[in-house]
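The block underneath contains the structure these notes are about, expressed in structure tokens.
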Amino acid sequence: MKVTTETVQKITIADLDRLDPVALYLEDQGPGKGKVIITCYGSSWTAFWGSMGDRPVAEFIKSCSNSYLIGKLDPQLKDEVDDIAGLTTAAKKEIIKNRKSKDLRDSDAREWFDTVCICAGEDLLNDRELMSRIFGDEYWHSIPKKPNPDYDYLSRILDAVKAAISTKTTAKSDLIAIADEMDKRVDTDGLMTLEEPFPVLVKRWAVKLRKLDR
């Protein structure tokens, strides 16, 4: 039996605009390999990459577009869906257009228009014969589209994830800067040399550390 222990970094993102708290799990599994799990309000998405170059998974995610990430996290999710509610309006416009171009007789145009007026979008969609008359045999290509709210929802979650990763990256850089500053103040005998009073120096570093903790 082979047992492998791997380190998974968890980032919790809260106080978001129009979003419940988001939990982000980042796992670097080796050179160029990484996995991410994102959870929000009972839903979860996961993706794995086996070739990310020399970047950790967090930096890789931050560099990718939302459309690419959504394609990996939820391949079946489309950015647009059928606008069934708008189908009635689209059918009316198509009838008027065909009547003006003389492709449709007045009597047929009036009959179809009156029928469409009393049909809800779903009822019209289920009437294949009428849909074929109005839009043609491949009428499904004429169904209007609208933005997919589920796609927009996941995209906003990814915006929050990228912002959190950027914040963590900035915090890490600031900690390194503080450590470098401390190293510069240590002389060859291991004693700290101060160019300003020690209480002032400590207070300045404390302010920086408090900012990183936010």
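The values are calculated or read from the model by the stated rules, or taken from the named source; none is laboratory data. Worth saying up front: this structure is predicted, and the values here are computed from it rather than measured. As a convention, Cβ positions derive from the backbone with ideal geometry for all residues, glycine included, and neighbour counts pool all protein chains shown.
Observations on the structure shown:
- Test: residue in region 66-80 that is in contact (Cβ under 8 Å) with a residue 12 or more places away in the chain, within 30 Å of residue 114 (Cα to Cα) and not polar (S, T, N, Q): yes
- Each residue in region 5-54 was checked for being in contact with a Lys or Arg (Cβ under 9 Å, 6 or more places away or on another chain) and among the charged types (D, E, K, R), and 4 pass.
- Residue check, residue 93 without any contact (Cβ under 8 Å) to a residue 24 or more places away in the chain and over 22 Å from the mean Cα position of the chain (by Cα): yes
- Unique residue being closer than 30 Å to residue 12 by Cβ, at pLDDT below 90 and among the small types (Gly, Ala, Ser) when the list is 164, 120, 109, 171: 171
- With respect to (1) in contact (Cβ under 8 Å) with a residue 12 or more places away in the chain; (2) of a type in the set (Ser, Thr, Tyr); (3) out of contact with any Gly (no Cβ under 7 Å at 6 or more places or on another chain), the lone exception for residue 51 is condition (3).
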